[in-house]
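S.K.: One structure, pasted below without further comment.
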Amino acid sequence: MMSEKKYHCPRCGNEEIADYTDSFDCPSCNLEFDKKDCDELEESQILSVEEKLGIIKGLGLDINKETNSSNYSRDI
Ligand SMILES: [Zn+2]
């Protein structure tokens, strides 16, 4: 078994990634991915950190909720 897993971008396959402790950045896609996701999920199921944040906002769990209630975005 391989003790050290080499990570690559699930979107473009780029192995020239910026490696962080728990995540990595793909400079080509300008997206950040969690290593945990890459370990547990199929490549096609992996979402970038940015996309996951977008989903959370889309579910109405926005922690940055503003008091202006007329500021709903309807871009679906
Ligand atoms: Zn990429």
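S.K.: Please go through region 13-33 and pick out each residue that is outside any loop (DSSP other than H, G, I, E, B) and surrounded by 17 or more Cβ atoms within 10 Å (Cβ to Cβ).
M.R.: Scanning region 13-33 gives 23, 24, 25, 26, 31, 32, 33.
S.K.: Here is a further query. Going by the structure shown, is residue 57 within 16 Å of the ligand (Cβ to nearest atom) and modelled with pLDDT of 75 or more? Before you say what the answer is, go through the steps one by one.
M.R.: Details: within 16 Å of the ligand (Cβ to nearest atom): no; modelled with pLDDT of 75 or more: yes.
It is false that residue 57 is within 16 Å of the ligand (Cβ to nearest atom) and modelled with pLDDT of 75 or more.
S.K.: Among the residues of region 1-51, which ones are among the aliphatic types (A, V, I, L, M) and within 9 Å of the ligand (Cβ to nearest atom)?
M.R.: Hits for region 1-51 are 17, 31.
S.K.: Would you mind telling me which numbered condition in (1) loosely packed, with under 13 Cβ neighbours inside 10 Å; (2) of a type outside the set (Phe, Trp, Tyr); (3) free of Cβ contacts under 8 Å to residues at least 12 places away in the same chain residue 36 fails?
M.R.: Condition (3) is where residue 36 drops out.
S.K.: Could you list all residues from region 39-48 that are within 13 Å of residue 11 (Cα to Cα) and either loosely packed, with under 12 Cβ neighbours inside 10 Å or within 9 Å of the chain's Cα centre (by Cα) (or both)?
M.R.: Correct list: 42, 44, 45, 46, 47, 48.
The values are calculated or read from the model by the stated rules, or taken from the named source; none is laboratory data. In this text the structure is predicted, and so the values were computed from the model without any measurement. Quick reminder, even Gly has a Cβ in these numbers, built from the backbone with ideal geometry, and neighbours come from all protein chains shown.
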